1. I'd like to know if region 283-302 contains one or more residues that are surrounded by 11 or more Cβ atoms within 10 Å (Cβ to Cβ) and touching a residue at least 40 places away in the same chain (Cβ under 8 Å).
2. Just to be sure, is N342 open to solvent by 80 Å² or more (accessible area, probe 1.4 Å), modelled with pLDDT under 95 and among the polar types (S, T, N, Q)?
3. Could you check region 212-233 and list, in sequence order, the residues that are open to solvent by less than 10 Å² (accessible area, probe 1.4 Å) and among the hydroxyl-bearing types (S, T, Y)?
4. From V223, V232, V285, V215, which residue is farther than 25 Å from K158 by Cβ and modelled with pLDDT of 95 or more?
5. Any residue in region 234-243 that is open to solvent by 30 Å² or more (accessible area, probe 1.4 Å), in contact with an Asp or Glu (Cβ under 9 Å, 6 or more places away or on another chain), under 19 Å from T184 (Cβ atoms) and not in a strand (DSSP E or B)?
6. Somewhere in region 250-260, is a residue surrounded by fewer than 20 Cβ atoms within 10 Å (Cβ to Cβ), in a strand (DSSP E or B) and small (G, A, S)?
7. Restricting attention to strands (runs of 3 or more DSSP E) lying wholly within region 136-222, give those where 3 or more residues are more than 24 Å from the chain's Cα centre (by Cα).
8. In region 293-307, is there at least one residue being among the charged types (D, E, K, R), in a strand (DSSP E or B) and within 24 Å of L256 (Cβ to Cβ)?
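The values are calculated or read from the model by the stated rules, or taken from the named source; none is laboratory data. Bear in mind that the values here come from a model prediction, so they are computed numbers and not experimental data. Cβ: placed from backbone, ideal geometry, glycine included. Neighbour counts: every protein chain shown. What goes into the accessible areas is simple: the full protein's heavy atoms, side chains included, and nothing from ligands, DNA or RNA. Shrake-Rupley method; radii C 1.70, N 1.55, O 1.52, S 1.80 Å.
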Amino acid sequence: MSISNGKKISLKELAALCGGRVIGDENVTVSSIASLDVAKEGELTFLTGNKNFAEHSAHLKEAKIAAVITAENLPELPIPSIRLKNPHLGLIAALNYFRKELKISYHIHPTAFVSNTASVAPDAIIGPNAVVEDGATIGAGSHIEGLAYIGRYASVGKNTHIYPGVRILDYCVVGSNCIIHSNTVIGSDGYGFAQDQGQHIKVPQVGNVVIEDNVELGACVTVDRSTMESTVIGEGTKTDNQIHIAHNVQIGKKCLLVAQVGISGGAKLGDYVIMAGKTGCIGHVKIGDGSTILACGIVTNNVPEKSYVSGYPAKPHQEELRIKGAMRKLPDLIKRVRDLENKLNEQK
């Protein structure tokens, strides 16, 4: 599918937007962008690397594609190109330029409920059937889409986009320039119970959640409020979908959490931590700055900074690979042991 909003831009202008340089005719103009396999004559496309380069190069010429955004170090191409050290920055600039802007015709939709004691910035948007409760605050330029719920005394900062069905519960704080995707719940009760005479007695969860600026949470993420203080997600952190962050968790700045991560109560992640798909950690462990937990790894002890770990329990990745390699040899080793046992028995 081609992305276009009807506007045209020259390669020279687009290169200026993204900090790239043009090789070839900088006056070529484009009005749409499409992925390499579907781009048509006259369109802009994107090429990431050397894999299948000769084949891609021939396709660019044969399809009469107008221009390509690509890496600085790739060989010469048969069509004009915008070159960047990080070509994804060029792709981002192009997508932002060509994306269609959806204009909203209302400030507060007639079907929305906004409490008389809530504070909503004059240029904020409150969508159909959204709810903004008593004492809540919505910052300038923010967009609360339909069916979203902003609880009592909760706050949303400036230029934050809250997608349909999001629940930001009482007293929780979402910073500026955040994106919260559909059906995410911020401020659900932490999972805390005390046992008494065979009964599970609920521990009141009276803290909140604080999400700092420039955070993006995927769809169906749950972030539990703390027992007494704050569950915190640090500035610039980005999460995928279907992630659970338990009560009192502290996540540092610019972390990346991929799909189906689970973080137990009281765990602490440093800055720039990466947790790959289906990883998790038990409660109250610490994961140091710059560490990576590879897919399906489970952290059961503190992880030093700049570690690269995998497995269950998580251990240095090279150690885990040696263990996995040894385990693959077990069936053959077992057979050899049985053969030796049989030979010994025959000699008795």
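1. Of all residues in region 283-302, those surrounded by 11 or more Cβ atoms within 10 Å (Cβ to Cβ) come to 283-302.
Still in the running and touching a residue at least 40 places away in the same chain (Cβ under 8 Å): none.
Among the residues of region 283-302, not one is surrounded by 11 or more Cβ atoms within 10 Å (Cβ to Cβ) and touching a residue at least 40 places away in the same chain (Cβ under 8 Å), which makes the answer no.
2. On the way: open to solvent by 80 Å² or more (accessible area, probe 1.4 Å): yes; modelled with pLDDT under 95: yes; among the polar types (S, T, N, Q): yes.
So N342 fits the description; yes.
3. S226, T231
4. Values: V223 fails: farther than 25 Å from K158 by Cβ; V232 fails: farther than 25 Å from K158 by Cβ; V215 fails: farther than 25 Å from K158 by Cβ.
Answer to the selection: V285.
5. Taking region 234-243 and keeping what is open to solvent by 30 Å² or more (accessible area, probe 1.4 Å), we get 235, 238, 240-242.
Checking the rest, the ones that are also in contact with an Asp or Glu (Cβ under 9 Å, 6 or more places away or on another chain) come to 235, 238.
Next, only the ones that are under 19 Å from T184 (Cβ atoms) stay: 235, 238.
From what is left, the residues that are not in a strand (DSSP E or B) are 235.
There is at least one residue in region 234-243 that is open to solvent by 30 Å² or more (accessible area, probe 1.4 Å), in contact with an Asp or Glu (Cβ under 9 Å, 6 or more places away or on another chain), under 19 Å from T184 (Cβ atoms) and not in a strand (DSSP E or B).
6. No, that holds for no residue.
7. Of the strands (runs of 3 or more DSSP E) lying wholly inside region 136-222, those with at least 3 residues that are more than 24 Å from the chain's Cα centre (by Cα) span 193-196, 199-202.
8. Step one: list which residues in region 293-307 are among the charged types (D, E, K, R), which gives 305-306.
After this cut, where a residue has to be in a strand (DSSP E or B) as well, the list is none.
No, region 293-307 contains no residue that is among the charged types (D, E, K, R), in a strand (DSSP E or B) and within 24 Å of L256 (Cβ to Cβ).
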